[in-house]
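The numbers here are math on the coordinates, done by the rules we state, and not lab data. What you see is a predicted model; the values in this text were computed from it and never measured. Glycine gets a Cβ as well: all are built from the backbone with ideal geometry, and neighbour counts include every protein chain shown.
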Amino acid sequence: MAVQRTLCIVKPDAVEKNVVGEILRRVETDGLEILALKMTRLTDQQAQGFYAVHRERPFFKDLVAFMTSGPIALAVLEGDDAIARWRNLMGPTNSSEAPAGTIRGDLGTDIERNAVHGSDAPETAAVEIPYFFNATEITAPVEALAG
Ligand code: CMP
């Protein structure tokens, strides 16, 4: 199984609920490694750029308004099959349909206020991670340092 990296965003609704620690605990319990971690608040321009693929969608304006409404936490996660594992932990996009036991089911509200974001493919992660993190902000995994 391939070692992958994925971007994790804890969205403004989850930061406001004080569940950043709970979400990171689930990440760590699953065995995913947190290679980088920071809090920030997106500008309009940053949020529009990040969600550019959705710019023609009817929900784009609301999505940008929500994502800039408060602080977010950003993390880079690494592990075997990390993209699918993080997506399984998150659950389906719409929190109102996400099962209990998933982050979106337990901690989100609806399709917009859905607590977390994750990259959907390696190609997406390769764009999303450097959108927020410089190479120097990402901890090299222990194995890479050992050699
Ligand atoms: P996310 O994984 O961050 O990627 C795009 C986001 O757009 C998604 O989570 C949802 O929060 C949001 N989204 C997708 N579809 C809709 C919709 N129909 N209405 C409102 N927001 C949506």
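Taken together, Val10, Val20 contain a single residue that is within 16 Å of Asn88 (Cα to Cα), among the β-branched types (Val, Ile, Thr) and touching a strand residue (DSSP E or B) at 6+ places or on another chain (Cβ under 6 Å), which is Val10. Is at least one residue of the range 104-119 surrounded by 17 or more Cβ atoms within 10 Å (Cβ to Cβ), of a type in the set (Ser, Thr, Tyr) and without any contact (Cβ under 8 Å) to a residue 60 or more places away in the chain? No, there is no match, as no residue in the range 104-119 is surrounded by 17 or more Cβ atoms within 10 Å (Cβ to Cβ), of a type in the set (Ser, Thr, Tyr) and without any contact (Cβ under 8 Å) to a residue 60 or more places away in the chain.
Ala84 is checked against (1) within 13 Å of the chain's Cα centre (by Cα); (2) farther than 16 Å from Lys11 by Cβ; (3) touching a residue at least 12 places away in the same chain (Cβ under 8 Å) and fails just one. What number does that condition carry? Tallying (1) within 13 Å of the chain's Cα centre (by Cα); (2) farther than 16 Å from Lys11 by Cβ; (3) touching a residue at least 12 places away in the same chain (Cβ under 8 Å), Ala84 fails exactly one: (3). Taking the conditions (1) under 20 Å from Ala126 (Cα atoms); (2) buried (at least 19 other Cβ atoms within 10 Å of the Cβ); (3) away from the ligand (no atom under 12 Å from the Cβ); (4) of a type in the set (A, V, I, L, M) in turn, Met1 satisfies each one other than (2).
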